[in-house]
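Working notes for the structure below.
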Amino acid sequence: MSQEIFDKAQGKLAEINDYKVDNSEQLEQFRIAYLGSKNTLKPMFGEMRNIANERKKEYGQLMNTLKQTAQSRFDALKDALENKAAENVDVPDLSLPVNADDLGSRHPIALVRNQIIEIFNRLGFVISEGPEIEDDWHNFTALNFPPHHPARDMQDTFFITDDISLRTHTSSVQVRVMEHEKPPIRTISPGRVYRNETISARAHCQFHQVEGLYVDENVSFADLKQTLYYFAQEMFGANTRIQFRPSYFPFTEISAEMDISCFVCGGDGCSICKHTGWVEILGCGMVDPNVLENCGIDSEKYTGFAFGMGVERIAMLKYRISDIRPFFENDIRFLKQFASVTD
Ligand code: DAH
């Protein structure tokens with residue numbers, strides 16, 4: 001009687017050792033059969049009482065081996081299955097051509113801003129940046145906008161407190177640079193600005209500007225003209241001509257607005273230039289001595305010029321975009337059109 005039970009247990013051991021699985025369902029069947037709460041080994045433990053006393057110890061050891069073997073076989077089968085799954089994972093074929101449709105592209109504002117920066121870099125202008133949340137001193141007062149001066153109304157401001165607002169122009173960075181650096185200063189300040197404007201095709205409450213500043217001994221309006229002429233030709237083509245119209249900004253004296261000859265019709269007149277042959281492109285002027293003094297620069301010794309341009313405006317002209325709003329909507333159909341521009 002005992003031997004029969006032993007043989008059965010030995011058979012079970014062989015069965016476990018030979019067990020093979022091909023998938024996780026079969027592994028689960030193994031677990032239920034040999035390790036589950038109603039496993040087939042359990043009744044065999046019950047056979048202990050039918051074993052002759054002198055062989056009980058031997059049978060106990062065999063049953064232990066059986067139990068441990070079931071567990072280690074399960075672990076081994078599980079490992080093997082997992083390794084097999086890992087090997088079967090699809091390895092990407094690196095030799096396949098890239099799906100260019102999914103490539104991102106630079107935002108047109110970034111493209112134009114980078115072009116502007118790159119041109120002025122060549123002339124020795126270095127980038128400086130300032131905060132978008134600005135105090136009254138840097139956005140207005142130091143730039144010669146006295147309190148209650150009507151010129152403040154030129155720029156509709158988002159106020160945070162009486163003293164703090166979102167900057168209305170990047171001219172605020174001029175002040176920060178002049179406060180911290182000694183001439184010669186040659187700097188260009190790209191950045192986002194904010195105005196409390198109703199959003200329309202022509203205006204937005206946020207946009208981007210690039211500010212330029214050059215301060216040194218003997219800087220003249222001729223230097224300003226030559227610098228901006230170089231910029232206009234690099235940006236819009238070698239045949240571009242420029243003209244200046246007198247203007248007013250509190251922080252420059254004299255002040256001007258610069259037009260470029262229309263790069264679409266060459267000056268003959270078209271819808272882009274509203275049939276004038278000229279397109280307004282930026283504001284500029286000689287830094288007002290008051291501004292230099294406000295920033296701790298000796299206005300007897302130094303002079304400077306400054307200019308400021310809207311990046312959206314230039315992008316709209318360059319890429320013939322008639323509405324400013326798409327720049328801020330992140331519509332992929334709009335942005336994708338600039339994918340081929342590599343600058
Ligand atoms: N800050 C002016 C604006 O936002 C633009 C500007 C005009 C900047 C003349 C200048 C400048 O530096 O000289 O409208």
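Anything in the range 152-174 that is more than 11 Å from the ligand (Cβ to nearest atom) and not aromatic (Phe, Trp, Tyr)? List them, or say none. Scanning the range 152-174 gives Arg152, Asp153, Asp156, Thr157, Ile160, Thr161, Asp162, Asp163, Ile164, Ser165, Leu166. Residues in the range 198-215 that are in contact with a helix residue (DSSP H, G or I) (Cβ under 9 Å, 6 or more places away or on another chain), more than 11 Å from the ligand (Cβ to nearest atom) and of a type in the set (S, T, N, Q): 2 in all. Checking the stated criteria, Ser322 turns out not to satisfy the condition of being away from the ligand (no atom under 16 Å from the Cβ), surrounded by 20 or more Cβ atoms within 10 Å (Cβ to Cβ) and not aromatic (Phe, Trp, Tyr). One residue is enough: does the range 181-192 have a residue meeting the conditions surrounded by 15 or more Cβ atoms within 10 Å (Cβ to Cβ), in contact (Cβ under 8 Å) with a residue 60 or more places away in the chain and of a type in the set (Lys, Arg)? Taking every residue of the range 181-192 in turn, at least one turns out to be surrounded by 15 or more Cβ atoms within 10 Å (Cβ to Cβ), in contact (Cβ under 8 Å) with a residue 60 or more places away in the chain and of a type in the set (Lys, Arg). Restricting Glu280, Glu217 to residues that are assigned by TED's automatic domain parsing to the domain that holds Pro184 and touching a strand residue (DSSP E or B) at 6+ places or on another chain (Cβ under 7 Å) narrows the list to Glu280. Looking across the range 90-122, the residues that are among the hydrophobic types (A, V, I, L, M, F, W, C) and over 25 Å from Met316 (Cα atoms) come down to Val91, Leu94, Leu96, Val98, Ala100. The single condition from (1) surrounded by fewer than 16 Cβ atoms within 10 Å (Cβ to Cβ); (2) touching a strand residue (DSSP E or B) at 6+ places or on another chain (Cβ under 6 Å) that Leu94 fails is (2).
Here Arg195 passes the criteria (1) in contact with a helix residue (DSSP H, G or I) (Cβ under 9 Å, 6 or more places away or on another chain); (2) in contact (Cβ under 8 Å) with a residue 24 or more places away in the chain; (3) surrounded by 14 or more Cβ atoms within 10 Å (Cβ to Cβ) except the one numbered (1).
Summed over the range 284-311, residues that are among the small types (Gly, Ala, Ser) and surrounded by fewer than 22 Cβ atoms within 10 Å (Cβ to Cβ) total 3. Within the range 258-266, not a single residue is under 21 Å from Val173 (Cβ atoms), surrounded by fewer than 21 Cβ atoms within 10 Å (Cβ to Cβ) and without any contact (Cβ under 8 Å) to a residue 24 or more places away in the chain. With respect to the conditions (1) at pLDDT 90 or above; (2) over 30 Å from Asn88 (Cβ atoms); (3) assigned to a helix (DSSP H, G or I), Lys38 lacks only one, and its number is (3). Using the structure shown, decide if Gly124 is in contact with a strand residue (DSSP E or B) (Cβ under 8 Å, 6 or more places away or on another chain), within 29 Å of Asn330 (Cα to Cα) and part of a loop (DSSP other than H, G, I, E, B). Judged against the criteria, Gly124 is not a match. Contact map, the range 222-247: residues that are without any contact (Cβ under 8 Å) to a residue 40 or more places away in the chain and within 17 Å of Ala306 (Cβ to Cβ) paired with residues that are more than 16 Å from the ligand (Cβ to nearest atom) and among the polar types (S, T, N, Q), Cβ distance under 9 Å, separation 6+ or inter-chain. Pairs shown: Tyr229/Thr240; Ile242/Gln233; Ile242/Ser261.
The values are calculated or read from the model by the stated rules, or taken from the named source; none is laboratory data. Everything numeric here is computed off the predicted structure, so don't read it as measured data. Reconstructed Cβ throughout: ideal geometry from the backbone, glycine too, with neighbour counts over all protein chains shown.
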